[in-house]
1. For residues that are closer than 18 Å to residue B:91 by Cα, assigned to a loop (DSSP other than H, G, I, E, B) and within 16 Å of the ligand (Cβ to nearest atom), tally how many sit in the stretch B:47-77.
2. Check off (1) within 16 Å of the ligand (Cβ to nearest atom); (2) open to solvent by 80 Å² or more (accessible area, probe 1.4 Å); (3) within 11 Å of chain A (Cβ to nearest Cβ) for residue B:36 and give me the number that stays unchecked.
3. Of the numbered conditions (1) open to solvent by 70 Å² or more (accessible area, probe 1.4 Å); (2) in contact with a helix residue (DSSP H, G or I) (Cβ under 7 Å, 6 or more places away or on another chain), residue A:25 satisfies every one except a single condition; which is it?
4. Residue A:296 fails exactly one of the following numbered conditions: (1) over 24 Å from residue A:344 (Cβ atoms); (2) modelled with pLDDT of 95 or more; (3) within 21 Å of the chain's Cα centre (by Cα); (4) of a type outside the set (A, V, I, L, M, F, W, C). What is the number of that condition?
5. Inspect all residues belonging to the stretch A:256-272 and state whether any of them is in contact with a Leu (Cβ under 7 Å, 6 or more places away or on another chain) and not in a loop (DSSP other than H, G, I, E, B).
6. Taking the stretch A:344-363, which residues are open to solvent by less than 10 Å² (accessible area, probe 1.4 Å), out of contact with any Ser or Thr (no Cβ under 7 Å at 6 or more places or on another chain) and under 16 Å from residue A:7 (Cα atoms)?
7. Any residue that is of a type in the set (Asp, Glu), at pLDDT 95 or above, surrounded by fewer than 19 Cβ atoms within 10 Å (Cβ to Cβ) and not in a loop (DSSP other than H, G, I, E, B) - is there at least one of those in the stretch A:9-22?
8. Just one of A:224, A:243, A:191 is among the hydroxyl-bearing types (Ser, Thr, Tyr), open to solvent by 20 Å² or more (accessible area, probe 1.4 Å) and farther than 30 Å from residue A:39 by Cβ; which is it?
Amino acid sequence: MSNPLRDRAVIVGVGHSPCSRDLGKSPMRLTLETVLEALDDAGLKPSEVDGVAAMGGAPEPGPWAMAESLGGDGIHWYGGALGGGVGPSVVANAALAVASGLCHTAVAYRTMMAPRPGDSTYNFMAREGPTGVAAFTAPYGLGVFMQYFASWYQRKRRVFGVTDEQMGAYVVAMRDNASRNPHAALNKPITMDEYLASRFVCEPLRRFDCDLPVDVCGAVVVTTPERAKNLKKKPVFVGGVSTGTGPRPDMIFWDDYDRSSAHWANEIIWNNAGLGPKDMDFGMIYDGFAPLTLYNLEEYGFVPRGEAGRYFGDGGHLATGSFPLNPHGGNNSEGRSHAIGHVCEAVLQLRGEAGARQLKKADATFINGGAITLAGALVLHN
Amino acid sequence: MERLLPVIDDLNRYYWEAAKARRLDMLRCQDCRMWIHPPRESCAKCQSFELKAETLSGRGKVYSWSVMRTQGNPGFEEKLPYAVVVVELEEQKGLITVGNIDCPIEDIDIGLPVRVTFEKINDQVTLPQWTVAGGKDGQ
Ligand SMILES: [Zn+2]
């Protein structure tokens, strides 16, 4: 069954700020500057935008603040993310809006700010006392997000025999990739020994497995293939989008740790795109925690179940490997952007504009976002 | 800082009352017999609202675990490193609960048989916890 929205939206502009612990800009200024960069890249005026996709919520400015800042005559469509993939999923939602005629030119962005002193971090526990699911976790000292993920990773390691060296091979490669990415926060190469010496923050999760919170914004401009004909840059087609989650959407009480929500997004994405995993030249795989790549690679069909560790051990993920991953260094080394950095890099690679990181063959790619309970996927191609 | 204790409400009161009486109770669908935890209003399988607390055997196996080595959980500042075990209860595949365990961290592994114990915190709250089954008291 052909998807009527397939290839009916294109990405024509991209903007991407540096990733840094403190860019010295307000979230609004950082976001607007990045959106303007994306519009300039496309050759569009701000007033030509009639759609905005962003999740909003402090500190990220939402669609209303953006619509007000662009100086146009109102907008036809605004929305958040399409399900749970965050960065890729705001782009997916904009693509659906354009493809279905709700608007003709949309900006989609994700802004993250590194926590400042006194900010709360990823912590599920209300200070006034845990309610709901947290009532059954917080009293046991289980209230920080990385603990949830560490429990999943531990099982993955024991059931499928994933080794420290295999995960290290991924992280070492990301630091190396990031050394060719001027936007990256962690751009100094590391050795396997340095990875193995990296302290456990929550065993089996190491410090170097976790992405670094940074100030960052990534933005893209989405329009119709017809309008793209008169614009500056070669359009990148949105072949398909998907999202999904499992039947027990709480990470710790999830009933099968060997199956992440990517399983449900995978059931949709390839049919929508009319392409398969083997058609992808490279992967932009979400890695907010580096071991998330294991689930994503397996669920979306890039490697057989239980084989992702071996794929890293064999160097499959390297620029010269069987299926290169995240040439920008991933969120792991570029910085925590909820995978909007993956989207920006995908566009640059597909346009042949990735400079020292440019892959030899880059005509189709798969991007995903979301951690375990959340999933969103995007197929882009030339 | 003090350990965070559960806010007891109408939905979860059965659980904490049972724990005070040294029982592990969870909601069970009275129509299709599915166990439900954490509590919710309706059965995830058959949409029945007829959920009632029933008592479990208190036996299960370690499904996974993590060892926390970073601050962030109130009341656990002095306890680092400590393990949190994820336990799959014997009554139903995928019926998951969590807790701390009283064995050395090195002894924890997937499939380790465990049974519930009870840690009284105060007059309102007793926490179900976990110990290795077949331990020194022969159980
Ligand atoms: Zn039922």
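1. Number satisfying all stated conditions: 0.
2. Unmet for residue B:36, out of (1) within 16 Å of the ligand (Cβ to nearest atom); (2) open to solvent by 80 Å² or more (accessible area, probe 1.4 Å); (3) within 11 Å of chain A (Cβ to nearest Cβ): (2).
3. In the conditions (1) open to solvent by 70 Å² or more (accessible area, probe 1.4 Å); (2) in contact with a helix residue (DSSP H, G or I) (Cβ under 7 Å, 6 or more places away or on another chain), residue A:25 misses (2) alone.
4. (1)
5. no
6. Result: A:347, single match.
7. Scanning the stretch A:9-22, I find no residue that is of a type in the set (Asp, Glu), at pLDDT 95 or above, surrounded by fewer than 19 Cβ atoms within 10 Å (Cβ to Cβ) and not in a loop (DSSP other than H, G, I, E, B), so the answer is no.
8. A:191
The values are calculated or read from the model by the stated rules, or taken from the named source; none is laboratory data. This is a predicted model, so every value here is computed, not measured. Here Cβ is always computed from backbone atoms with ideal geometry, including for glycine, and neighbour counts include all displayed protein chains. When the accessible area is computed, the model is the full protein with side chains, heavy atoms only, and any ligands, DNA or RNA have been set aside. Shrake-Rupley method; radii C 1.70, N 1.55, O 1.52, S 1.80 Å.
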